[in-house]
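J.: There's a structure below that I have some questions on.
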Amino acid sequence: MAEPGKQLQKLCDLKDKIVESYPAKVGKNRAKHIQVKGCVETPVIDANAKTLPGIITTRGCAFAGAKGVVLGPIKDAVNLVHGPVGCSYYSWLTRRNLARPAEGGKSFLQYCCTTDMQEGDIVFGGEKKLMQAIREVHDILAPEAIIVSATCPVGLIGDDIASVSRQAEEELGVKVFSANCEGYKGVSQSVGHHIACNALMEHVVGTEELEDPTPFDINIFGEYNIGGDLWSIVPMLEQIGYRIVSTYTGDASVHDLARAPQAKLNILMCHRSINYATRMFNDRYGLPWLKVNYVGLEETARSLREMARFFGDEELMEKTEAVIAEEMERITPEIESYRQRLEGKKIMLFVGGSRAHHFQLLSEELGMTVVMAGYEFAHRDDYEGRQVLAGMKKSGISKVVQDIHYELQPGFKPPLSETELEEKNRDLGGHLLDYEGMIPQMKSGAMIVDDLNHHETEIVIRELEPDVFCSGIKDKYVVEKMGVPSRQLHSYDYSGPYTGFDGALTFARDIDMAVSTPTIKFITPPWKNTEADCDA
Amino acid sequence: MAKSSVSTTNACKLCRPLGACLAFRGIEGSMVLLHGSQGCSTYMRRYISGHFREPVDIASSALSETQAVYGGAANLKQGIRNVVAKYAPAVLGVATTCLTETIGDNIGMIIAELLEEEPELREIEIIPVSTPSYSGSHMDGFRDSCIAILERLAVPREKTGAINLFPGFISAADIRHLKEIMEDFKTPGIILPDISQTLDGVIDGGYRRIPPGGTSMPAIARTARSACSIEFNVVSPASQSAAALLESRHDIPGERLPIPIGIRNCDLFFQTLAKVTLQPVPARYKEERGRLLDAMVDAHKYLFGKKAVVYGDADFVLALTSFLIDVGVSPVVCATGDGNREFISRISQTAAVAGIQPLILKDTDFDEISERARETGSELLIGSSKGNHIARRLGIPLLRVGYPIHDRIGGQRLLHIGYRGTMNLLDQLTNMLIAREQDELGYGYSYM
């Protein structure tokens, strides 16, 4: 058994090994995106950089970030994709953001609507077709809003989707707005998130009044109800006494999104995709945000406590403790059996922009060791914390998306004065309006990789021998062919929810299922093949 | 009939570059790079992996806004270099996307420049294909890629007695069955593309970046020397026909047949094989035909007159329609997301045998299919997983065939073709209807 010191050295060496496996220029580039906690006390990592052409990346495009992630889940809006058929088809329910129509309400998530641009539209322009398509969507489906998203050709041929949307809104008397999220913009899904947030702020937020405010109104940001994650935490929050005005954007109605500004607190799950909106809410409405994490028992408890502390209400805090006590008592014995089976197992987490952090403490609660964690499209602040934002050099992103800074809305009364806010923040240890990032909580001896590619996946699996690799569908089958179990952590492999107390149990069960299956043991047949001609 | 709306709601086709990715996957030692935004590669990998449950590596030139304005040549060259360095493919397919087609990147020229700059890359067959997604469907991309591959790699020499088989986009199990059939006909067959191993792989402890299998380059070269070609493609124009290409270029007689699903189409296929191989139809297939006929008689009473909606790729829909007519089912709606006039006339012809006039939809979407299914009182659906929401809405069963199947396992292992595949579909279709009836009966009877 190698001593901790030797283990750590092995990892530091592994980083060098990966870097050297590339041609010099590529290696130098990748070296900035790979760190080992412990080799450097406070790792600094490069992130959100250009994807190298031809290096098999898992990243998607700005369209995926805007329409797929942020705008797609809005259930009573129709997302009309202006472009050729592929983009809408490949984002047609491929993400597991679930929704249920409200009483008497609508849901259009099962629809894939597109202008299906043809050559003639590319050559002569597609605005007329878009206008007609919007009318058709309105006539046939009667959604509460129509959101037009742009695909690659749109910006190139100069179709003015914003203007068409304005015209349509005027003509039809229903909200129609657009997102200029052409796929070639930016380096990943990330810029798409920002574009979508800007569009929501401009066209939806604050356009309706909250008729019946309560003292414990909250909005949940960065929660897309993947596999029912939102539905898993709502009962708990409501039991404590919160009222959820809106969720951005899981199981969301566009009307709820519109009424959000009058809440008292925004809680934030996925920092990467929607911190733009929480910041804009704070600027425009003085509405503060608090980073929470509902994945894991202790993390759920911590988040609930911090929320109650923010409000400083006795009864709220009592109910919080009661719920935590009750749930912990119920779940802990069940989790214990999984913990025994998962003790010492090594897990790797490579997900989009937040889950590689969120799932670490739960993994450790289950006795597992996180040997590698990384993000597809996160920025430096997701890794190192928001304090790095001030020092970060501006990328070329400003060319494709506006970083909007709102002034406080005239006539709008923020829930707290500035002094009250400062006081609350002090009481919360400075946690308001802040996110510490993934790295600070990580243990020494864990590898951090930004924009992990296929080649590096092979190396880290061979060298670090994880018991389970949690990533996405594009890696899953590669990893399984290598004889290592793999669970999808974007789609939850069609399982979930993983949030809250019950969710932790579901996650434990699924990971146990992956590592305990007898199937992998049958790899070597009784007639042994002596020749295994593999690259790995 | 084409749909009346300009918008497409719930599309019944995928985009052109995806077809290129599928076709190239049937070539041994191949990789594909999509010249465009990285979103395309990522989305298509996800969509192909979801059906086949296999690793699917598709590279991207990852263009961003600067290249969208000034052109993507530098990215494409770098992308090719990086893919070659990591994968050492024998063949690299380079397909375009709507982005690069719109900005007008000439990938043939860019590749030629790259080969001047780096002559060692000439060892690799880099084959460009134009696949703008704003025109046609994935099947156009598939067929165009096959044409491009043949144009590059087919080399005439002394004639062999082999038969070329261009099966189009059928399942891995279907391709394996074709191999079996050729063996039984004691005639070498060159199947292009061959996804039977590359998209239906094994777990044996070894991981290979480029999976084994696929039509080898020497075999592709030999297609220009074969005795004849058989192609499962009757709908598309000659410019998209591999058999027509080899006939005009290398004087190889070509037979364009419907996909052998259904007894009529299977008879035609086996008869053609017997003719071109100068072999009698092997006893095994005569027996399979007899068994199929027996099964068709057994199934007759459960199927006769049942109204079906069939949807999918044009050639596939045509073959399935034929099969349904053979067994007494009434196809009331035959729909495809692309299609042409040939599709319409062929469907009419095949259904005319039973005096049936289905509603034929081309360039359609599921919104329209759903409406017509309801209007015509359909009792069952046959096609991909995409029909699930129609099945639920109308309360009728769906037999999952073709692509994509993402809510069941084994989509790639579905056997559709030959007498054996036809029997498989017959059993599944019939039992699906029996199960439905049994559930509805309510008194738990178990003799059906």
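The values are calculated or read from the model by the stated rules, or taken from the named source; none is laboratory data. Because the structure is predicted, anything quoted here is derived from the model rather than measured. Glycine also receives a Cβ, built like all others from the backbone with ideal geometry; neighbour counts cover every protein chain displayed. SASA here: full protein model, heavy atoms, side chains in, ligands and nucleic acids out. Shrake-Rupley method; radii C 1.70, N 1.55, O 1.52, S 1.80 Å.
J.: To the nearest 0.05, what FRET efficiency results for A:Thr517 and B:Ser248 with a Förster distance of 60 Å applied to their C-beta separation?
T.: 0.65
J.: Are there any residues in the range B:30-61 with a reduction of at least 40 Å² in accessible surface when going from the isolated chain to the assembly of protein chains? Probe 1.4 Å, please list them by number.
T.: B:Ser37, B:Gln38, B:Thr42, B:Tyr43, B:Arg45, B:Arg46, B:Tyr47, B:Arg53, B:Pro55
J.: Taking accessible area as the heavy-atom solvent-accessible surface of the protein chains with a 1.4 Å probe, which residues of the range A:150-199 lose no less than 20 Å² upon going from the isolated chain to the full protein assembly?
T.: Listed in order, they are A:Cys152, A:Pro153, A:Leu156, A:Tyr184, A:Gly186.
J.: Taking just the alpha-carbon atoms of the range A:7-165, what radius of gyration and Dmax come out, in angstrom?
T.: When restricted to the Cα atoms of the range A:7-165, Rg and Dmax are 22.0, 65 Å.
J.: I'd like the trypsin sites (Lys or Arg not before Pro) in the range B:112-201 restricted to DSSP loop residues with at most 12 other Cβ atoms within 10 Å, sorted by number.
T.: Answer in residue order: B:Arg157, B:Lys186.
J.: Averaged per residue, what accessible surface does chain A expose to a 1.4 Å probe, in Å²? Numbers along the way, then the final one.
T.: On the way: 20810 Å² over 536 residues.
So chain A comes to 39 Å² accessible per residue, rounded to a whole number.
J.: Could you let me know the centre-to-centre spacing of the range B:389-448 and the range B:226-266, using Cα atoms, in angstrom?
T.: Centre-to-centre (Cα) distance: 31 Å.
J.: Can I ask one more? Report the accessible surface area buried between chains A and B, summing both sides, using a 1.4 Å probe on protein heavy atoms only, in Å² rounded to the nearest 100.
T.: For A against B, buried area totals roughly 5900 Å².
J.: To continue, here is another question. For B:Lys362, which lysines qualify as cross-link partners when the Cα separation must be under 21 Å and same-chain residues fewer than eight apart are set aside?
T.: Reachable lysines: A:Lys129, B:Lys3, B:Lys13, B:Lys307, B:Lys386.
J.: Please report the carbon-and-sulfur percent of the accessible area for the range B:16-153; probe 1.4 Å, protein heavy atoms only, DNA, RNA and ligands left out.
T.: That fraction is 49 percent.
J.: What number, in percent, do you get for the relative contact order of chain A if the mean sequence gap of Cα pairs under 8 Å and at least 6 apart is divided by its residue count?
T.: 18 percent.
J.: On to the next question. Taking amide H atoms as placed 1.01 Å from N in the peptide plane, list the residues 5 or more away in sequence, or in a different chain, whose amide H sits under 5 Å from that of B:Tyr207.
T.: Here the answer is A:Asp535, A:Ala536, since their amide H atoms fall under 5 Å of that of B:Tyr207.
J.: Using Stokes-Einstein with the Kirkwood hydrodynamic radius over Cα pairs, what translational diffusion coefficient do you get for the protein assembly as shown at 25 °C and a viscosity of 0.890 mPa s, in µm²/s rounded to a whole number? Walk me through the intermediate numbers first.
T.: Details: Rh = 29.8 Å.
Estimated via Stokes-Einstein, D reaches 82 µm²/s.
J.: I've got another one for you. How large is the dipole of chain A about the Cα centre if only Lys and Arg carry +1 and Asp and Glu carry -1, each at its Cβ, rounded to the nearest 20 debye?
T.: Charge dipole, chain A, about its Cα centre: 1640 debye, nearest 20.
J.: Hey, another quick one. Any chance you could get the radius of gyration and Dmax over the Cα atoms of chain A, in Å?
T.: Answer for chain A, Rg first and Dmax second: 23.7, 80 Å.
J.: Work out the mean other chain Cβ neighbour count within 10 Å for the residues of B:13-26 and drop it here as an integer.
T.: 2
J.: Distance between Cα centroids, the range A:142-207 to the range A:40-85: provide it in whole Å.
T.: Cα centres, the range A:142-207 to the range A:40-85: 16 Å.
J.: Hey, another quick one. Remind me, relative contact order of chain B in percent, using alpha carbon pairs under 8 angstrom and six or more residues apart?
T.: 17
J.: Round to a whole number: what % of the accessible area of the range B:283-441 belongs to carbon and sulfur, probe 1.4 Å?
T.: 47
J.: Note down the magnitude of the dipole of the range A:103-150 about its Cα centre, charges +1 on Lys and Arg C-beta and -1 on Asp and Glu C-beta and zero elsewhere, to the nearest 20 debye.
T.: Roughly 60 debye for the range A:103-150.
J.: Which value in deg cm²/dmol, rounded to the nearest 500, describes the helix-derived mean residue ellipticity at 222 nm for the protein assembly as shown, given -39,500 (n - 2.57) per DSSP H run of n ≥ 4 and division by the residue count?
T.: -13500 deg cm²/dmol
J.: Please compute the per residue accessible area over chain B with all protein chains in place, 1.4 Å probe, rounded to a whole number of Å².
T.: Normalised by residue count, the accessible surface of chain B is 35 Å².
J.: Based solely on C-alpha atoms, express the radius of gyration and the Dmax of the range B:283-441 in angstrom.
T.: That works out to 14.9, 46 Å for Rg and Dmax.
J.: Can I ask one more? What's the FRET efficiency of A:Glu465 with B:Lys159 using the Cβ-Cβ distance as r and R₀ = 56 Å, to the nearest 0.05? Before the final figure, lay out each step's value.
T.: Values: r = 54 Å, r/R0 = 0.97.
Efficiency, rounded to the nearest 0.05: 0.55.
J.: Here's something else I'd like to know. Placing +1 at every Lys and Arg Cβ and -1 at every Asp and Glu Cβ, with all other atoms neutral, what dipole size does the range B:16-153 have around its Cα centre, in debye to the nearest 20?
T.: Using Cβ point charges on Lys, Arg, Asp and Glu, the range B:16-153 gives about 520 debye.
J.: Would you mind pulling out the separation of the Cα centroids of the range A:357-422 and the range B:346-372, in Å?
T.: The two parts, judged by their Cα centres, are 54 Å apart.
J.: Turning to a different aspect of this structure: Pairs of Cα atoms under 8 Å, at least six residues apart: use those to get the relative contact order of the range B:16-153, whole percent.
T.: Relative contact order of the range B:16-153: 37 percent.
J.: Whole-Hz ³J(HN,Hα) for each residue in the range B:82-88, computed from phi via Karplus 6.51 cos²θ - 1.76 cosθ + 1.60 with θ = phi - 60°, x for glycine and proline: what do you get?
T.: Per residue, the Karplus-derived 3J(HN,Hα) values read 5, 5, 4, 4, 8, 10, 6 Hz.
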